[in-house]
Amino acid sequence: MSKLYSAAELAYREVKELILSGDLPGGELISEGEIASRMGSSRTPVREAFLRLEAEGWMRLYPKRGALIVPVADGEAEHVVDARLLVEVHAVETVASSTRVRDTLVAALRENLVRQRELVTSGGDAAQFSALDADFHRALVRAGGNPLLETFYDGLRERQRRMTASSLARDPEQITKIIEDHARLTDLIEAGDAEGFASAVRRHMREVHALSEGGRR
């Protein structure tokens with residue numbers, strides 16, 4: 001039983017990562033056999049993984065046809081960005097009043113920026129970069145010191161990663177702009193400029209995900 005569970009968990013993690021990284025884009029139809037062959041496993045753990053992913057809303061299963069990767073829903077990007085803005089701006093407003101917390105956060109953000117630049121230099125892929133991007137923004141929320149908001153924000157992370165990977169697939173050159181934006185956001189936090197941060201991070205998110213100021217893409 002434990003072996004079966006481990007295989008199912010492995011299949012779940014692998015397929016979910018393919019979805020979040022954009023390697024399995026929304027609208028694509030895949031089969032249990034494809035994933036089983038890829039993993040070198042039987043279909044049973046893959047079937048378990050597919051059922052779990054369907055329950056989470058990432059897939060839609062069609063008997064004898066396969067599994068459809070559910071595309072990003074209409075308006076989802078707008079909703080995710082709005083929620084992230086509320087949480088991140090609040091966190092930075094909180095951090096701005098404490099030099100000690102602010103300095104610790106800035107150090108963490110600059111370390112993340114070094115890793116972002118190293119990844120680009122070494123030819124890393126969009127999936128790796130989208131994970132670093134998500135870590136950068138989560139660090140802001142964690143520094144705010146509100147565990148309830150942290151938990152809420154973590155619920156957005158997977159959607160955030162998938163959206164970023166999709167944006168980079170659309171325009172790979174955007175990575176350079178994202179890193180520049182992150183450096184600017186870090187400078188604003190270091191200066192304790194919460195108002196400037198709010199304006200800059202709003203522009204950053206909407207440009208990355210190709211959202212107009214008036215609403216949807």
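Where a number appears in this text, it was derived from the coordinates with a stated rule and is not lab data. Quick caveat: nothing in here was measured; it's all calculated off a predicted structure. We place every Cβ from the backbone using ideal geometry, glycine too, and count neighbours over all the protein chains shown.
Could you tally the net charge around LEU113, taking each other residue with its Cβ under 13 Å from the Cβ of LEU113, Lys/Arg +1 and Asp/Glu -1? So the surrounding residues net to -4.
The angle separating the long axis of helix 147-170 from the principal Cα axis of greatest extent in the chain is about 70 degrees.
Packing order of peptides 161-170, 196-205, 23-32, highest average first: 161-170, 196-205, 23-32 (average count of other Cβ atoms within 10 Å over each peptide's residues). Here the calculated FRET efficiency for VAL72 and THR104, from their Cβ-Cβ distance with R0 = 25 Å, stands at 0.15, rounded to the nearest 0.05. The simple Förster model, with R0 at 45 Å and r as the Cβ-Cβ distance, assigns LEU61 and GLU111 a FRET efficiency of 0.60.
Compared with the dominant Cα axis of the chain, that is its longest principal axis, helix 99-121 is turned about 50°.
Between HIS79 and GLU173, the modelled labels are 3.4 nm apart [label points 7 Å from Cα along Cα→Cβ].
Report the label-to-label distance for ASN146 and SER37 in nanometres (one decimal), using points 7 Å from each Cα along the Cα→Cβ vector. According to this spin-label approximation, the distance is 5.0 nm. Taken along the Cα-to-beta-carbon direction at a fixed 7 Å, the label points for GLN128 and ALA183 span 2.0 nm.
Let me check against my output: what whole-number percent is the relative contact order of the chain, with C-alpha pairs under 8 Å and at least 6 apart?
It comes to 23 percent, rounded to a whole number.
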